[in-house]
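Read through the structure below, which is laid out as structure tokens, and then see the notes.
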Amino acid sequence: MSFESLKQQFEEQLEIGDALQMRHFLDHQNISDMAELVYEYPEHEAKIIAGMSVHRAAGLFKILELSEQKRIIQTLPPNKTAELLNELPADDRTAFLEELPGIVVRELIKLLDNEERRITLSLLGYPENSLGRLMTPDYVYVYENNTVAEVLDIIRRVGKNSETIDVIYVINDKGELLDDLRIREFILTSPEKKVSELMDYRVISLNAYDDQETASEIFKMNNRVALPVVNNSNKLLGIVTIDDVLWVASEEFSEDVQKIGGTEALEQPYLDMPIFQLFKKRVIWMIVLFIGELMTISAMHQFEDEIAQVVILATFIPLIISSGGNSGSQAATLIIQAMALREITLGDWWRIMRREIFSGLLLGTTLCLLGISVIFLWNYFSDAVGDYYFFIALTIGLSLIGVVLWGTLVGSMLPLLLKRLGADPATSSTPFVATLVDVTGLIIYFTLAFAILSGKLL
């Protein structure tokens, strides 16, 4: 069914107004299509959630954007809100609640059943951005002395309420994690075999206090759909699934993109951010960059005599500083991305520097030859540069090499330096790098101009 057809049928159901017929219609659609329907009809989003069976409603709710989730909770009747929150998986419920003000969280927790309230409070008790906030207690565990037949029986009894049954976790009487086994190991072996006979003790686990970002790399390296989460005593607390890790990775990527653009990360969708909050997120960086540009003006002031004597030098200032800023921004973006993907570490700084020196020289030389060619052609057709066009061209060419090389070094090394100091490398944003290179680029440009043109035009 096309989405246009789905919209038409939904509008027909709204006109009919039969609750049972609406539920039958909503429960027989794909969850992804229902999400699109919520975004298309925001005025009916609460009605859509309330009109579905609670299990399907929870499945839809957890994939919606936070702004839609908040609006739905605000407009749902208390009984429907209670049903929805109790039905949500513990990790998804925790992820939603941690984005709300404390006073709202306290009121919503009151709507939970005793067991769900205990689980939620336990997860919220872990530090923000820790894996303890991300894990779910819904998993299948067995003991090493269980037989395969007993394991399969356990899966039938509790597997329905588990986040995943692809992996079964083995613990001892103390609750300590011993191993994890894929379900196929149990399906393909004799029912009389004991779990201990299948174990290889090559379990990979996460700590509840680890940062959420660390999980993505471990998942990638080990090709798992879920990983167990333990405490410092190796007791199994829950599991983290790949879909939750991908969600975290997506959020972190969005934050890094915003920081690279020269603004603080937004906690809400752009259109949901109050204007004053949006202003606060941007104004600090704007002030910092403004002060940086004042330094550029100060640098130009130091060379105002040279500019007055050779006006043509001022013509090429935008060319010089923009080339340096562009090279720095390119390098910073590449390094920040490589660090986010764990492709490089702080220990690789010398290899990175060597590569960027070589790259900077190649890029600078390319622009040098292009700049010299432009000046020669310009002087050939208009004689605008004057008799000393060769020395002007040489000044511009060497300045481009120096500025581009410096830009690549600053752009590549600054993220590593910030990481070493414990700061977020993404804060070495492209506007910041460009502004820093502007100042130093002018110094390089006019220093070379003074050295080359002294006794000729200066």
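Rule-based calculations on the coordinates, nothing more; no lab input. Note that this is a predicted model, so its numbers are computed, not measured. All Cβ positions, even for glycine, are placed from backbone atoms using ideal geometry, and neighbour counts span all protein chains on display.
A few notes on this one:
- Spin-label zone in the range 54-95 - amide nitrogen under 11 Å from a point set 7 Å from the Cα of Val105 along the C-beta vector: 94-95
- Counted charge near Asn30, where neighbours are those whose Cβ lies closer than 12 Å (Asp, Glu -1; Lys, Arg +1): -2
- Charge tally for Gly407 (other residues, Cβ to Cβ under 13 Å; Lys, Arg +1; Asp, Glu -1): -2.
- Potential lengthening between Phe3 and Glu150 on full extension [0.36 nm per residue; Cα-Cα distance subtracted]: 48.3 nm
- When the pairs Lys7/Lys47; Lys110/Lys160; Lys80/Lys110 are compared against a 18 Å limit on Cα-Cα distance, Lys110/Lys160 fall above it.
- Total formal charge among the other residues, if their Cβ is under 9 angstrom from that of Val54, Lys/Arg +1 and Asp/Glu -1: 0
- Peptides 406-419, 345-358 ordered by average Cβ neighbours within 10 Å, highest first: 406-419, 345-358
- Residues within the reach of a label modelled at Arg420 (point 7 angstrom out along Cα to beta-carbon, backbone nitrogen below 11 Å), restricted to the range 328-352, are 346-350.
- Pairwise FRET efficiency - Ser322 versus Lys174, Cβ, R0 = 41 Å, nearest 0.05: 0.05
- Label-point gap, in nm, between Phe381 and Lys235 - each point 7 angstrom along Cα→Cβ: 8.0 nm
- Karplus-derived HN-Hα couplings along the range 347-359 (A = 6.51, B = -1.76, C = 1.60, θ = phi - 60°), whole Hz, x at Gly and Pro: x, 8, 4, 5, 4, 5, 4, 4, 5, 6, 4, 5, 5
- Each 10 Å bin from 0 upward holds the following percent of the Cα-Cα pairs of the range 3-125: 12, 46, 28, 12, 1.
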